[in-house]
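A.B. asks: Starting off with a structure, shown below.
The values are calculated or read from the model by the stated rules, or taken from the named source; none is laboratory data. All values reported here derive from a predicted model rather than from experimental measurement. Counting neighbours? That spans all protein chains shown, and the Cβs are built from the backbone with ideal geometry, glycine included. Surface areas here come from the heavy atoms of the whole protein model, side chains and all, with no ligands, DNA or RNA. Shrake-Rupley method; radii C 1.70, N 1.55, O 1.52, S 1.80 Å.
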Amino acid sequence: MQIFSWNVNGIRAVLRKDVLVPFVNSAQPDVLCLQETKAHPDEVAIGLPEYREYWHSAEKKGYSGTAILSKAEPLSILNGLPTEIMEKYDMTADGYGDPNTEGRVLTAEYEKLFVVTVYTPNAKEDLSRIPLRRDHWDPAFLEYCKHLEKTKPVAFCGDLNVAHTEMDLANPGPNRGKKGFTNEERAGFQAFVDAGFVDTFRMFKQGNGYYTWWSAMGGGRARNVGWRIDYFLVSKVLRDKVVAADIHPDVMGLDHCPVSIELDV
């Protein structure tokens with residue numbers, strides 16, 4: 001089972017650039033998880049008839065959103081977090097709006113596992129959304145994944161908006177304490193690891209130089225001055241089923257590139 005994940009930063013943009021369809025036709029993933037689609041399904045004609053499309057769009061037009069394209073029909077599709085988790089980790093007081101209305105989580109259930117795509121809220125330049133991340137979003141999403149694990153294993157992917165360790169960004173020193181590399185955000189990621197979820201890419205490659213996002217300023221992508229903020233994590237019981245995990249910087253969309261895993265399930 002080959003699964004790809006990609007923050008497209010606007011699905012209409014990558015379609016206009018004629019990047020998405022050729023990429024999918026070449027890679028032929030069984031499942032493609034998308035983040036930051038910035039569209040509703042009635043606004044987009046993707047042109048991949050062999051894939052079933054499942055969308056969880058933000059209420060606000062042109063903002064956020066996730067989607068899953070799947071060759072096989074999932075057993076079920078779940079939009080967002082369960083009501084009881086949303087209520088437990090109330091996010092309605094966030095000054096930027098309730099992230100639970102922004103289409104940030106989409107789950108497809110298959111016979112052997114759940115596949116979850118997530119677009120984690122950005123902490124903001126002034127770190128004003130750190131309380132949301134630390135006290136609400138990160139623990140809520142972890143609880144959701146652990147809840148799914150009670151039924152079957154989980155593979156979750158997407159833009160987690162954090163570089164976990166110093167290996168995960170080109171310039172850790174000057175970025176320490178800034179959005180995407182604060183102690184709070186890194187601790188949120190570490191909580192997944194402590195709960196048994198496996199960062200699949202690090203099963204195969206160590207060290208710096210492997211990035212999934214580059215700033216549009218200063219030619220960061222050409223110089224490979226980037227961040228690894230897009231991930232695939234899997235339940236511990238799936239660790240031995242992970243055949244490959246990779247990053248695809250040669251796929252030129254906007255500011256992110258796709259990541260992928262192959263599972264023997």
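A.B. asks: With each pseudo-label sitting 7 Å past Cα toward Cβ, what's the D135-S26 distance in nm, one decimal?
C.D. replies: Label-label distance for D135 and S26, simple model: 4.7 nm.
A.B. asks: I would also like to ask the following. Name the aspartates and glutamates eligible as straight-distance cross-link partners of K236: C-alpha to C-alpha under 16 Å, and not fewer than 8 places from it in the same chain.
C.D. replies: Within the straight-line limit of under 16 Å, K236 reaches these aspartates and glutamates: E143, E149, D194, D199, E262, D264.
A.B. asks: Now, a different point. Report the gain in length on full extension from E53 to A216: 0.36 nm times residue separation, minus Cα-Cα distance, nm rounded to one decimal. Please list the in-between numbers first.
C.D. replies: Numbers: separation 163, 0.36 × 163 = 58.68 nm, distance 2.97 nm.
Taking 0.36 nm per residue and subtracting the Cα distance, the gain is 55.7 nm.
A.B. asks: Please compare each pair in K88/K150; K71/K112; K152/K241; K60/K124; K205/K241; K17/K112 to a cut-off of 25 Å on the Cα-Cα distance and tell me which ones are over it. The partial results should precede the final answer.
C.D. replies: Details: K88/K150 19 Å; K71/K112 16 Å; K152/K241 14 Å; K60/K124 19 Å; K205/K241 17 Å; K17/K112 35 Å.
Checking Cα-Cα distances, K17/K112 exceed 25 Å.
A.B. asks: Could you tell me how many cubic angstrom of Cα convex hull volume segment 141-265 has per residue? Could you put the intermediate results ahead of the total?
C.D. replies: Values: hull volume 13.5 nm³, N = 125.
Expressed per residue, the convex hull around the Cα atoms of segment 141-265 is 108 Å³.
A.B. asks: What's the carbon and sulfur percent of segment 200-265's accessible surface, probe 1.4 angstrom, rounded to a whole number? Spell out each step's value before the answer.
C.D. replies: Working: 1670 of 3110 Å².
Summing carbon and sulfur atoms, their accessible area is 54 percent of the total for segment 200-265.
A.B. asks: Send over a whole-number figure in Å² for the accessible area per residue of segment 9-136, probe 1.4 Å.
C.D. replies: 45
A.B. asks: Another question, if that's okay. Taking θ as phi - 60°, what are the ³J(HN,Hα) couplings along segment 52-62 by the Karplus curve (6.51, -1.76, 1.60), each to the nearest whole Hz, with x for Gly and Pro?
C.D. replies: 3J(HN,Hα) across segment 52-62, in whole Hz: 7, 10, 10, 10, 10, 8, 5, 4, 6, 5, x.
A.B. asks: I need to check one value: relative contact order of the chain, counting alpha carbon pairs closer than 8 Å and at least 6 residues apart, in percent. Write down the numbers at each step before the final one.
C.D. replies: Working: 577 pairs, mean separation 51.9, N = 265.
Worked out over the chain, it gives 20 percent.
A.B. asks: Here is a further query. Just want to confirm a number: the relative contact order over segment 1-98, from Cα pairs under 8 angstrom separated by 6+ residues, in percent.
C.D. replies: 25
A.B. asks: Here's something else I'd like to know. Could you tell me the center-to-center distance, by alpha carbons, between segment 85-102 and segment 4-82 in angstrom?
C.D. replies: Between the Cα centre of segment 85-102 and that of segment 4-82, the gap is 24 Å.
A.B. asks: How far, in nm, would the chain grow between A195 and S76 when pulled straight, counting 0.36 nm per residue and subtracting the alpha carbon separation?
C.D. replies: Here the answer is 40.3 nm.
A.B. asks: Then there's this: Once the convex hull of the C-alpha atoms of segment 1-74 is built, how many Å³ does it hold per residue, rounded to a whole number? Show your work: numbers first, answer last.
C.D. replies: On the way: hull volume 5.9 nm³, N = 74.
Hull volume normalised by residue count: 79 Å³.
A.B. asks: What full-extension length gain, to one decimal in nm, is calculated for D264 and S128 as 0.36 nm per residue of separation minus the Cα-Cα distance?
C.D. replies: Numbers: separation 136, 0.36 × 136 = 48.96 nm, distance 4.15 nm.
So the chain would gain 44.8 nm between D264 and S128.
A.B. asks: With each label point set 7 Å from Cα along the Cα-Cβ vector, what nm distance links V225 and D42?
C.D. replies: Reported label-point gap for V225 and D42 is 4.5 nm.
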